[in-house]
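**Student:** Got a structure for you, questions after.
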Amino acid sequence: MHELGIAKSVLEAVCSEVGKRAGARVVKVGLRIGELAGVDPDALQFSFECLVKDTPLDPLPLEIEFCPRQQRCPACGHAFCVADYETSCPKCGAAPTECIGGTELEFSYLELEET
Amino acid sequence: MTDRVPLERKVLNENDRIAAELRARFRENGILCLNLISSPGAGKTSLLERTLGTMAPGTRVAVLTGDIQTDNDARRLARFGFPVKQITTGGTCHLDARMIERALADWKLADLDLLLIENVGNLVCPSSYDLGEAAKIVLLSAAEGDDKPLKYPSIFFRAALLVLNKIDLLEHVPFDIARARENARRIQPKIEILEVSCLTGAGLEAWHGWLDHRCQRAQMEAALPAG
């Protein structure tokens with residue numbers, strides 16, 4: 001249960017980014033979380049709400065895009081989402097394939113409003 | 001009027017920055033740093049006892065051990081005569097790069113070849129935090145379930161080595177070791193796997209061999225120009 005710590009990092013990063021943009025108020029935050037990130041989106045939402053409450057940023061919705069594990073086949077170049085833990089290439093059968101998505105724990109956007 | 005601006009930034013970029021600095025310092029000094037992760041009770045401290053117990057006096061090894069409370073592990077490990085420091089997180093369920101940086105502040109890295117970090121017992125949270133290690137090692141014991149790799153994929157995905165511990169219990173428990181191996185490889189096809197018993201000592205030669213090999217590699221990398 002480290003989502004509270006992650007939420008704190010999100011809030012600190014938001015504050016530092018907003019600090020760089022004079023006259024802007026942040027009204028929404030977009031995040032990408034991969035299925036291999038080890039972070040539970042619901043717990044993160046809840047932690048973030050708790051942290052933002054009673055701050056001047058409240059209300060500040062967090063939009064989380066959940067990113068499935070994606071692999072790319074080094075043999076045929078096919079990119080695919082992993083289903084049922086199967087990481088060999090569904091097109092040509094090659095294995096192992098390279099992980100190209102699913103570890104994200106990153107921002108995607110800030111929605112800003114002029115003040 | 002609202003304006004959506006893209007933001008290319010990792011959530012834990014401050015942790016990652018410190019971890020990158022630590023990694024560069026370890027490389028400069030030819031130190032192999034390993035991050036041991038498992039659920040509580042899988043045998044991290046026992047593996048470290050077995051590791052330190054075979055090392056000749058004067059071996060340039062040190063241990064950082066993380067726990068929420070108590071310095072029990074540091075006391076268990078200090079009796080081998082090597083530098084050991086307890087990091088007591090006071091509730092935090094993982095170690096982060098800043099804790100490592102602080103703990104190393106009064107150690108001279110030039111005096112070390114191997115730094116073993118025992119993370120807080122937890123299969124989830126430690127996987128998110130880079131500590132600057134060369135490799136994460138995950139331990140799974142036969143007293144747990146063989147489906148743990150599927151339930152906790154983030155750590156098995158990031159680990160270079162899986163140590164299956166407590167194999168002395170295999171005849172008494174329903175743990176299917178072949179299935180555990182298969183499940184780990186479904187999550188991370190490249191993961192290396194060792195089977196050991198820290199109680200009986202079975203399989204530990206392979207572990208010492210793995211460690212020696214990685215230490216030599218770290219020394220060789222330090223001799224190469226950076227980049």
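**Student:** What is the packing order of peptides B:75-88, A:97-110, taking the mean over residues of other C-beta atoms within 10 Å and listing the highest first?
**Tutor:** Result, highest mean first: A:97-110, B:75-88.
**Student:** Continuing with this model, one more query. Roughly how big is the B-A contact, given as buried accessible area in Å² (both sides, 1.4 Å probe, nearest 100)?
**Tutor:** Buried: approximately 2800 Å² between A and B.
**Student:** Also, quick follow-up: How far apart, in nm, are the 7 Å Cα→Cβ label points at A:Cys76 and B:Glu101?
**Tutor:** Computed distance between label sites A:Cys76 and B:Glu101 equals 4.7 nm.
**Student:** Rounded to the nearest whole Å², what accessible area per residue is found for the protein assembly as shown with the 1.4 Å probe?
**Tutor:** Values: 15920 Å² over 342 residues.
Ligands and nucleic acids excluded, the result is 47 Å² per residue.
**Student:** Another question, then. Treat every Asp and Glu Cβ in segment B:67-209 as -1 and every Lys and Arg Cβ as +1, leave all other atoms uncharged, and give the resulting dipole magnitude about the Cα centre to the nearest 20 debye. Before the final figure, lay out each step's value.
**Tutor:** On the way: 17 positive and 21 negative charges, 50 e Å.
The calculated dipole for segment B:67-209 is roughly 240 debye.
**Student:** A further question on this structure: What is the dipole size for the protein assembly as shown, taken about its Cα centre, with +1 at each Lys and Arg Cβ and -1 at each Asp and Glu Cβ, in debye to the nearest 20?
**Tutor:** 740
**Student:** Continuing with the same structure: Can you give the mean number of other chain Cβ atoms that lie within 10 Å of the Cβ atoms in peptide B:5-18?
**Tutor:** 6
**Student:** Filter A:Lys8/B:Lys190; B:Lys10/B:Lys190; A:Lys28/A:Lys91 down to the pairs with a C-alpha to C-alpha distance above 29 Å, please.
**Tutor:** Flagged as over cut-off: A:Lys8/B:Lys190; A:Lys28/A:Lys91.
**Student:** Show me A:54-67, A:36-49 ranked by packing, highest mean number of other Cβ atoms within 10 Å first.
**Tutor:** The most tightly packed comes first, giving A:36-49, A:54-67.
**Student:** Within 10 Å of each Cβ of B:132-140, how many other protein chain Cβ atoms are there on average?
**Tutor:** Partner-chain Cβ atoms within 10 Å, mean over residues of B:132-140: 0.
**Student:** Let me ask something else about it. Using helices alone, I'd like the mean residue ellipticity at 222 nm for chain A: each DSSP H run of four-plus residues gives -39500 (n - 2.57), total over residue count, nearest 500.
**Tutor:** Result for chain A, helices only: -8000 deg cm²/dmol.
**Student:** I've got another one for you. Ignoring ligands, DNA and RNA, what percent of the accessible area of segment B:14-223 is carbon or sulfur (1.4 Å)?
**Tutor:** 50
**Student:** Taking B:Lys166 as the anchor, which aspartates and glutamates have their alpha carbon closer than 14 Å to its alpha carbon, excluding any fewer than eight residues away along the same chain?
**Tutor:** Excluding near neighbours in sequence, the set is B:Glu144, B:Asp146, B:Asp176, B:Glu195.
**Student:** How crowded by other chains is A:106-112, given as the mean number of beta carbons from other chains within 10 Å of each beta carbon?
**Tutor:** 6
**Student:** For chain B, what is the mean residue ellipticity at 222 nm derived from helices alone (per DSSP H run of n ≥ 4: -39500 (n - 2.57); sum divided by total residues; nearest 500 deg cm²/dmol)?
**Tutor:** Computed ellipticity for chain B at 222 nm equals -10500 deg cm²/dmol.
**Student:** Oh, and also: How big is the accessible area of A:Ile6 in square angstrom, nearest 10, if you roll a 1.4 angstrom probe over the protein chains?
**Tutor:** Number for this one is 0 Å².
The values are calculated or read from the model by the stated rules, or taken from the named source; none is laboratory data. It should be emphasised that the depicted structure is a prediction, and the values quoted were computed from it without experimental measurement. Cβ sites come from the backbone with ideal geometry, for glycine too, and all protein chains shown count toward neighbours. Surface areas here come from the heavy atoms of the whole protein model, side chains and all, with no ligands, DNA or RNA. Shrake-Rupley method; radii C 1.70, N 1.55, O 1.52, S 1.80 Å.
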